[in-house]
Every structure is written in structure tokens, then in C-alpha cells.
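Report on one structure; see the data block that follows.
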Amino acid sequence: MDDLAFLTYSLISIFVIVNPISGVVTFISLTSHMTFEEKNILAKRAVILACIIALFFALTGKTMLNLFGIDVDSLRIAGGILLFHVALDMMFAKVSRESITENEIHESLERSDIWIFPIALPLLTGPGTITTVIVLMGSTDDMGQKFLVILSILLAFFVCLVIFLFSRRIYRHIGYTGMLVFTRIMGLFLAALAADFITTGIWNVYNAFSSVS
């Protein structure tokens, strides 16, 4: 895969699992009592923290896998199953239990640090996002392509920041129905990504087993 194709693949993969458009509804409900300025400050803090968490796991994920003796293809298969579960929730327009539950949203309304939990973690950077960035970094040994994964993370969260800053305008223009339609489309793309993760992981594990045998 050439660099442009790899950048496109990485960016779409990260953006689809972060899915900021779907998160807009939750973000608005958690910040509805805030002023415009307070909401924007919270959005910046949440997205920056989520981006830092994603970068941390992208840079240290391979070391963590080695520490626990886990192969990246095993994570690819497990992550693919997780992403497919999230994709089904998205296609049925549900709040994904992988990222945040309805009870957690309700309980967070009384807290002052919602930019940390549940917005930054796990709404934006949940297990699905963490798995995706680790797999993308572990899928190539080329340092140039590893840099492209880092760039993809930065670009995806920059777009996420813009969407959150203009969340109320976006919601006003496309409405709840529009967001449900977009969420279903993103769920379809995520299901395709999950299938790619699972099939590639199984194929690589099979080849590794065959070569040993």
C-alpha cells in the first residue's frame, strides 16, 4: 500500500471509530446548561485530552503488546470483533455500550469534569479507538507510514474539534434525524473496517502457523 492510500485508510479508520458527528448529540446534552464560551473551552480540553490518549497508545501500544506477549494480529482479530459490535449499535442508531452507557450520560450531568469523563474517555477515545491506532501502528514497519498514522490521529481529532465547536449549529442544520442517518452510514463503514481487521488477522495468523508447521 503506497503512502497516500495508507494515509487515507488510516484517517478514515480513525475518523469512523471516533465518529464525532454521532457524539455531537451526547456532547450537546452534557453541555446544554453551559454558555457558548464554556462549551468551547470544554470541547477544546476534551478533544486535546482524547488526542493525547490516542497518541500515547499509538506510540506505546506495540511495547504493551510485547509486554503481555500478544501478537498484533491477535489484537486485530479481537479488535475487529469489538468494532463490529460497535458498528451494529451505530447501524441501529444506539448509543454504543463500548463507549458510554445511558446511565453514565445521566450521572455525568452533575459532574464538573465531564471533559475528562465521559467525553474525552471513553466517548472519543474508547477501546475501539485505542485498538484501531495500535493495530494501524503495528501493521507497518515503515517509519514513514507510522508517521502517517500519527498524522491521521491529529487530523481526525482536529476535525472532531471543529465539529464540537460548531456542534450547536450542526445540530440546528441537520437535526437529530440527519445525525441518525450519518451514524448509520458510519456504522456501515465501520463494519467493513471490522471485517477487514478480522479477515486480515486470521489470514496472518494462519500464514504464521503454516510457516512454523
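The residues of the stretch 57-103 that are among the acidic types (Asp, Glu) and either closer than 15 Å to Leu136 by Cβ or modelled with pLDDT of 85 or more (or both), listed by number, are Asp71, Asp73, Asp89. When Ile48, Ile12, Ile70 are screened for being surrounded by fewer than 18 Cβ atoms within 10 Å (Cβ to Cβ) and in a loop (DSSP other than H, G, I, E, B), only Ile70 passes. Here the helices (runs of 4 or more DSSP H) wholly within the stretch 110-213 that include at least 2 residues being surrounded by fewer than 16 Cβ atoms within 10 Å (Cβ to Cβ) and among the small types (Gly, Ala, Ser) are 167-212. A Cβ distance below 7 Å, combined with a sequence gap of six or more or placement on separate chains, defines the contacts here; from the stretch 126-144, residues that are within 15 Å of Gly201 (Cα to Cα) and modelled with pLDDT of 95 or more reach residues that are of a type in the set (Ser, Thr, Tyr) and in a helix (DSSP H, G or I) in the pairs Thr132/Ser13; Leu136/Ser10; Leu136/Ser13. When we screen Ala194, Ala156 for residues that are touching a residue at least 60 places away in the same chain (Cβ under 8 Å), touching a His at 6+ places or on another chain (Cβ under 9 Å) and at negative phi, the only hit is Ala194. The single condition from (1) surrounded by 23 or more Cβ atoms within 10 Å (Cβ to Cβ); (2) touching a Leu at 6+ places or on another chain (Cβ under 7 Å) that Phe6 fails is (1).
Within this structure, Phe15 passes the test of being closer than 23 Å to Thr177 by Cα and at pLDDT 95 or above.
The values are calculated or read from the model by the stated rules, or taken from the named source; none is laboratory data. Since the structure is predicted, the reported quantities are computational estimates derived from the model, not experimental observations. Don't worry about glycine lacking a Cβ; one is built from the backbone with ideal geometry, like all the others, and counts go over all protein chains shown.
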